[in-house]
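For reference, the structure is listed below as structure tokens.
Coordinate-derived values only; no laboratory data. Not measured: the values here are computed from a predicted model. Every residue, glycine as well, gets a Cβ built from its backbone with ideal geometry; the counts of neighbours run over all protein chains shown.
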Amino acid sequence: MALLRGVCRAHGRTRVRKLMGDTGETHRMNETHGRVPYLDNAKLAMMYSVVFGHLLEATLKGSQAHLHLTWYLLLYVFNVPVWVFLAGVTSKAETAIAGASRLLSVLMVFQLLYLVLSPGFRRETPYWIVTPWWILWFLLSLSFWKLLLPLALRIRWPIAVSVAIALGAGWFGIIGRPLSLSRTLVWFPMFLAGHLYGKALMVRIEKAALWMRGAALACLAASGLVLWLHPIDAQILYEAGSYSSMGLHPIWVGVAFRAGHMAAACMLGLCVLCLIPKSGNKLTHYGTRTLAILTLHPLVVRVYAHAVGSWSVLGWVPVMIVLAAGVTWLTGAKPLYRLVNAIYMLPQWLMDRRWSRPLALIETASNAPHSGA
């Protein structure tokens, strides 16, 4: 609580930009080439947790299903919300439309790719037209979050309003996976919190004492023990549907669960952020390649899901930890990163090609000398 109070005081006292460097208070979080090493480390850690979680998902029916389920549940309590929070940190209201258009470009390309590779999904016409394939939901939701950001910043108490909407969205059966609408509404408060308070929070975490990091680790371990003793249905952690579709009856049970999930995500997310290295290292630059890892790692996970049935050793947790690191490294390799980045920048390239000539002609005409009458 002291940490959060410090964040709020810092946010009200000075602009986030000043907190991030102008005051000289953050000796290890100085930006390098426009990047903050701690932020890139955090993004890489969350992306790794997503890859590891998807490997675990392929083994939830194996001989070690209970152990794997515990790991899986613990990850999914916090990894998506923290991922969304970090996306809010790096988002700007001024570039909302440009950012959304680039994400939609990547979404369309990979939706078509996985549509070709997933016959079962392809047969669900017209479901696939309005519903992103598996992990691609994040791209559509992130596009919506970017577009909603300028509007949310205009209202009073934006986080409180967005939390109320998130809790109320579960009442309506129409709000579900199509257009990724449920997840968009549920996790928008985390995106807003990242945009408004994320950088100031990082300043406070950078100064966290060693005992706080020990407490964070203990809190994660205790949460894992609780989930081991009292496992829940993993589907309800996805927050991808209404309360009734997730089996949460009556409505107040669904509201209580969602509110509790959001609170637990904040608490465990804060614990995880306390444990992430603050300075740059040889892997930090992979934090700039998370879009490539996100969109390409399902290809490897599909192969793994088939292989684990033949070689049970692939389902051991230590082996999966190493495999997840390898998949993250492979799908974030520079050639693949450049490929995905080219798709991401395609809308800007098209706009430049389309408008550069007309704009040049307008500029030439405006600069031409006028003959007096």
Order of MET46, MET320 from fewest to most other C-beta atoms within 10 Å?
MET320, MET46
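By count of other Cβ within 10 Å, fewest leading, how are PHE85, PHE110 ordered?
Values: PHE85 28, PHE110 21.
The most exposed by this proxy come first: PHE110, PHE85.
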Just to compare against my own numbers: the Cα pair-distance distribution for segment 88-176, 10 Å bins, whole % per bin, please.
15, 36, 34, 14, 1
Do you know the relative contact order of segment 131-288, to the nearest whole percent, from alpha carbon pairs under 8 angstrom that are 6+ apart?
29
For a footprinting-style exposure proxy, rank PHE172, PHE144 by other Cβ within 10 Å, fewest first.
PHE172, PHE144
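Just the ratio, please: alpha-carbon radius of gyration of segment 247-358 over 2.2 N^0.38 Å, N its number of residues. Don't jump to the answer; show the numbers that get you there.
On the way: Rg = 20.6 Å, N = 112, 2.2 N^0.38 = 13.2 Å.
Taking N as the residue count of segment 247-358, the ratio is 1.56.
Contact order normalised by length for segment 163-242, with contacts defined as Cα pairs under 8 Å and 6 or more residues apart; what percent is it?
Numbers: 46 pairs, mean separation 42.6, N = 80.
Computed value for segment 163-242: 53 percent relative contact order.
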Using alpha-carbon coordinates alone, the radius of gyration and Dmax of segment 59-128 in Å work out to 17.6, 51
If contacts are Cα pairs under 8 angstrom and at least 6 residues apart, what is the relative contact order of segment 29-176 in percent?
20
For LYS207, which lysines qualify as cross-link partners when the Cα separation must be under 24 Å and same-chain residues fewer than eight apart are set aside?
LYS18, LYS43, LYS199, LYS278, LYS282
A correct Karplus calculation of ³J(HN,Hα) over segment 143-153, with 6.51 cos²θ - 1.76 cosθ + 1.60, θ = phi - 60°, whole Hz and x for Gly and Pro, returns 4, 5, 4, 5, 6, 7, 4, x, 6, 5, 6
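With r as the distance between the Cβ atoms of GLU57 and SER312 and R0 = 25 Å, compute the FRET efficiency 1/(1 + (r/R0)^6) and round to 0.05. Each step should come with its number before you reach the end.
Details: r = 17 Å, r/R0 = 0.66.
The value I calculate is 0.90.
Write down the Å³ per residue value for the convex hull defined by the alpha carbon atoms of segment 176-250.
Details: hull volume 9.0 nm³, N = 75.
Given the Cα convex hull of segment 176-250, per-residue volume reads 120 Å³.
Looking at segment 117-245 from every direction and averaging, what is the projected area of its Cα convex hull in nm²?
Working: hull surface 44.5 nm².
Spelled out: convex hull of the Cα atoms, projected over all directions, averaged, 11.1 nm².
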